[in-house]
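Enquirer: Quick one: the structure is below, and I'll ask about it shortly.
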Amino acid sequence: MVSITVNLISGRTIQQGVAIESGKEKPSYREAAGIIEMDPSDLKKLGAWKNTNVRVSSDYGSVIVKAIEATQGPHPGLAFIPMGPWANQIVNPNTYSTGMPTFKGTPVKVEVSPNEKVLLGVELVQKSCFGDSS
Amino acid sequence: MSKKITDVICPFCGTLCDDIEVLVSDDGKKILEVYNACVIGTEKFMHSGAKDRITRPRMRQADGSWKEVSYDEAADYAAQVLAKAKKPLMYGWSSTNCEAQSMGNEIAEVARACVDNTAAVCHGTTLIAVQDIGLPSCTLGEIKNRADRVIFWGCNPAHAHPRHMSRYSIFPRGFFTVKGQMSRKLVVVDPRVTDTARMADVHLQVAQGQDYELLCALRVALKKEWLPDTVAGVPKEKIYEVAEILKSGRFGIIFFGMGVTQSLGKNHNIDEAIALTKDLNEYTKYSIMPMRGHYNVTGSGEVLAWQFGFPYSVDLTRGFPRYNPGDSSSIDLLNRGEIDAAFVIGSDPGAHFPISAVKHLAHVPLVCVDPHITPTSGVSKLHVPVAFNGVETGGSCYRMDNVPIDGRKVVDAPEGMLSDEEFLVMVRDRLKKIKGVA
């Protein structure tokens, strides 16, 4: 399986902002924040079509999200997951004594994973915390 | 007949737009239309009328299902949790009003809790930098009327503060900026070509995480000293060009956001940005301002600072306030597993903390006070829905430039629902009784 390594950042998008106000339990939140924005050149390297589910893994965890083409690019080598539970499965939680986790600049591995589904926001966090029993 | 309420404050982001108009039904119970707000603000007002809204507190049962309880039972449970805990964390506070924050601080003092607000995951490092070297700042009104050089560094207001640019920083015509956008030069520094960057006169596409280097290079370029061919992925010619643009203005403002506070370097990035502002004041007038996110995160910092002396990460476990980010900050407390109970209000750490911290939060008695269903409420033991602040209850809040503004109530909360402050008063009274405090 082909995999590529990119530098991950997270942050606000206006779609994410609207989705958190309209209900984080709803599929619209997943549409807005359960994605990874990748540069077209990186998608090509990965051999993935747009809108394919991918597994993104770092030293701190792993998550399934939908790969879409960068909306605010080009930014080859850089990937973006909107702030939220999906990004937070894999960001670097170390604060280096500042109190602030390192939300931007986590090296991650991306691989195509078309048969796995992207979980809903609340469901994802419950599953990470309590396992499948929740 | 419907009626229009004018001069409403938007309770979404730190811009606190104060020109919102809301059309409400005659009985004052339903919002029909929202004018002037951005798409996020509109959604916030409209969502208060959602049919599937939770209106009563609920406790999670052993099998994972929810059982409805009364506000009295909820307050009893919350008070007992806080009373029993050795080191409870009281986190959030940024989407509630100053009155509730003050009440929360009173509870925290009795409970000997750690109190922290969402600066923990947004501008906490800014607060450290401000304590290091100060912050030459101004109000948004001054920017609207005077600023002819505007820099957005590591922030994307087109997405995060949608009306900031039209109300204050780029488009409005002010007293000395009569031509609006034509009067201003816009510089954006961001590793992505963001929607804000697309509007810029100059976009510096900095290599991610190298903001410190670029800030240093700009300070060098101001003095026309030597630079290597590229710094942080930006050619030196462009850096010299931006330095000249910045120097040639009459009044400049540097806005900065998560791009610098959350990348490696953290508070030192901000130190350097403030030092750049200081250097620019050798040539002309410059100010710097953090782009605060939650509508009243600034207020929480203010209330904590005037009551305990520190703006976030306050540890009251010894009965007096201590402050040591990295030690007393929420993420570190949770990552080290030091917390034995948590009370979360007006924020959603379940969604916005790294999962390692959330896992610990989920395994202690967790009380979540929030009108929405969120990942935090999803892993809490007790979920207390309350009235929407700024929509169903008013109260003071602080804009990102530290200007206090009185929020407005536009509709009634669903019958029988309490506000944050009312629920906190119930918890305080019960906690004081258990602890035997007068």
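The values are calculated or read from the model by the stated rules, or taken from the named source; none is laboratory data. All values reported here derive from a predicted model rather than from experimental measurement. A quick note on method: Cβ atoms are made from the backbone with ideal geometry, for glycine too, and the neighbour counts reach across all protein chains shown.
Yes or no, residue by residue, for (1) part of a loop (DSSP other than H, G, I, E, B); (2) of a type outside the set (D, E); (3) surrounded by 19 or more Cβ atoms within 10 Å (Cβ to Cβ):
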| residue | (1), (2), (3) |
| --- | --- |
| B:A119 | no, yes, yes |
| B:A129 | no, yes, yes |
| B:A158 | no, yes, yes |
| B:S166 | no, yes, no |
| B:T194 | yes, yes, yes |
| B:R198 | no, yes, no |
| B:A207 | yes, yes, no |
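Enquirer: Residue by residue through segment B:408-438, note down the ones that are among the hydrophobic types (A, V, I, L, M, F, W, C), surrounded by fewer than 20 Cβ atoms within 10 Å (Cβ to Cβ) and either touching a residue at least 12 places away in the same chain (Cβ under 8 Å) or touching a strand residue (DSSP E or B) at 6+ places or on another chain (Cβ under 7 Å) (or both).
Expert: B:V425, B:M426, B:I434, B:V437
Enquirer: Which of (1) touching a residue at least 60 places away in the same chain (Cβ under 8 Å); (2) within 15 Å of B:Q262 (Cα to Cα); (3) within 9 Å of chain B (Cβ to nearest Cβ) does A:P82 not meet, given it meets every other one?
Expert: (3)
Enquirer: Mind listing whichever residues of segment A:85-128 are small (G, A, S) and at the interface with chain B (Cβ under 10 Å from one of its Cβ atoms)?
Expert: A:A87, A:S97, A:G99, A:G105, A:G121, A:S128
Enquirer: Same structure, new question: May I ask you to say which residue of B:I355, B:I405, B:I339, B:I345 is closer than 29 Å to B:I128 by Cα, free of Cβ contacts under 8 Å to residues at least 12 places away in the same chain and among the β-branched types (V, I, T)?
Expert: It is B:I355.
Enquirer: Within segment B:109-144, can you find the residues that are acidic (D, E) and within 17 Å of the chain's Cα centre (by Cα)?
Expert: B:D116
Enquirer: Please work out which residue is nearest to the other protein chains (Cβ to nearest Cβ), limiting yourself to segment B:255-269 and to residues that are outside any helix (DSSP H, G or I) and hydrophobic (A, V, I, L, M, F, W, C).
Expert: Among residues in segment B:255-269 that are outside any helix (DSSP H, G or I) and hydrophobic (A, V, I, L, M, F, W, C), the one nearest to the other protein chains (Cβ to nearest Cβ) is B:L264.
Enquirer: Let me ask something additional. How many residues does segment B:7-28 hold that are exposed (fewer than 12 other Cβ atoms within 10 Å of the Cβ) and not in a loop (DSSP other than H, G, I, E, B)?
Expert: Matching residues across segment B:7-28 total 1.
Enquirer: Out of the residues in segment A:62-89 meeting the condition of being surrounded by fewer than 24 Cβ atoms within 10 Å (Cβ to Cβ) and outside any strand (DSSP E or B), tell me which one is nearest to the chain's Cα centre (by Cα).
Expert: Of everything passing the filter in segment A:62-89, A:A70 is nearest to the chain's Cα centre (by Cα).
Enquirer: Might you check whether a residue that is in a helix (DSSP H, G or I), at pLDDT 95 or above and among the hydrophobic types (A, V, I, L, M, F, W, C) occurs anywhere in segment B:54-64?
Expert: For segment B:54-64, residues in a helix (DSSP H, G or I), at pLDDT 95 or above and among the hydrophobic types (A, V, I, L, M, F, W, C): absent.
Enquirer: In addition: Just wondering, is there one or more residues in segment B:372-386 that are more than 11 Å from chain A (Cβ to nearest Cβ) and free of Cβ contacts under 8 Å to residues at least 40 places away in the same chain?
Expert: yes
Enquirer: Let me ask something else. Please enumerate the residues belonging to segment A:47-72 that are of a type outside the set (A, V, I, L, M, F, W, C) and closer than 16 Å to A:I4 by Cβ.
Expert: A:G47, A:K50, A:T52, A:N53, A:R55, A:S57, A:S58, A:S62, A:E69
Enquirer: How about segment B:329-347: which of its residues are within 12 Å of chain A (Cβ to nearest Cβ) and crowded, with 24+ Cβ neighbours inside 10 Å?
Expert: Answer for segment B:329-347, where residues must be within 12 Å of chain A (Cβ to nearest Cβ) and crowded, with 24+ Cβ neighbours inside 10 Å: B:S329, B:S330, B:I331, B:D332, B:L333, B:L334, B:S347.
Enquirer: Name the residue, out of A:G34, A:G17, A:G23, that is within 13 Å of another protein chain (Cβ to nearest Cβ), of a type outside the set (D, E, K, R) and under 19 Å from A:V110 (Cβ atoms).
Expert: A:G34
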